[in-house]
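Please read the structure below before turning to the comments.
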Amino acid sequence: MADNFTFELVSPEKLLLSGDAEMVTIPGVEGDMGVLAKHAAVMTSLRPGLVGVKMGDGSESAFFVRGGFADITPTSVTVLAEFAMPKEDVTKEAWEEQKRIAQEEYDLHHAAGDEEKKLAARSYLDQLNHLEPSILPA
């Protein structure tokens, strides 16, 4: 039996999942991370993607996240996401809304002439477009 650790996924609206987990995958800004019990302590910012969780009881779930960070210790993982929703709730309409928000942010920074924020917004929009086939149901 694998060692378990405490896991929490929190968005500004609510606590989405909390309990003992066996493994978590996180879309870190420097790449995907797989986390098991006794992982070295690390904190990472999140890029848009899926947080996958295998709970201690064997159940599995996935959540689309946008922004935020993950705090990893040997005994716990806490994901604080700017936005999160269960993958099964991601509809075409919800996805288009995420892309609309990203496009508006890009347009705002482009109009303001803020190159750094404009490039970050463009990168985010590109990441959403790249993720679309793996997020939306076929």
Would you mind stating whether LYS117 is in contact with a helix residue (DSSP H, G or I) (Cβ under 6 Å, 6 or more places away or on another chain) and farther than 17 Å from GLU132 by Cβ?
yes
Wholly inside the range 40-138, strands (runs of 3 or more DSSP E) that include 1 or more residues that are surrounded by fewer than 17 Cβ atoms within 10 Å (Cβ to Cβ) and in contact with a Gly (Cβ under 9 Å, 6 or more places away or on another chain) are 42-45, 60-73, 76-86
Taking the condition on the phi > 0 side of the Ramachandran plot, of a type outside the set (D, E, K, R) and more than 17 Å from the chain's Cα centre (by Cα), does GLY68 pass?
no
Which of the residues that make up the range 66-83 are modelled with pLDDT of 95 or more and hydrophobic (A, V, I, L, M, F, W, C)?
PHE69, ALA70, ILE72, VAL77, VAL79, LEU80, ALA81
If the Cβ limit is 6 Å and pairs must be 6+ apart or interchain, which residue in the range 60-86 that is over 15 Å from LYS14 (Cβ atoms) and in the same structural domain as LEU9 (by TED's automatic domain parsing) pairs with which residue that is aromatic (Phe, Trp, Tyr) and assigned to a strand (DSSP E or B)?
ARG66/PHE83; THR75/PHE5; SER76/PHE5; VAL77/PHE7
Please state which of the following conditions ALA21 fails to meet, knowing it meets all the rest: (1) crowded, with 16+ Cβ neighbours inside 10 Å; (2) of a type in the set (Gly, Ala, Ser); (3) under 21 Å from LEU136 (Cβ atoms).
(3)
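The values are calculated or read from the model by the stated rules, or taken from the named source; none is laboratory data. What you see is a predicted model, and the numbers here were worked out from it, not measured in a lab. For neighbour counting, all protein chains shown are included, and Cβ atoms are generated from backbone atoms with ideal geometry for every residue, glycine included.
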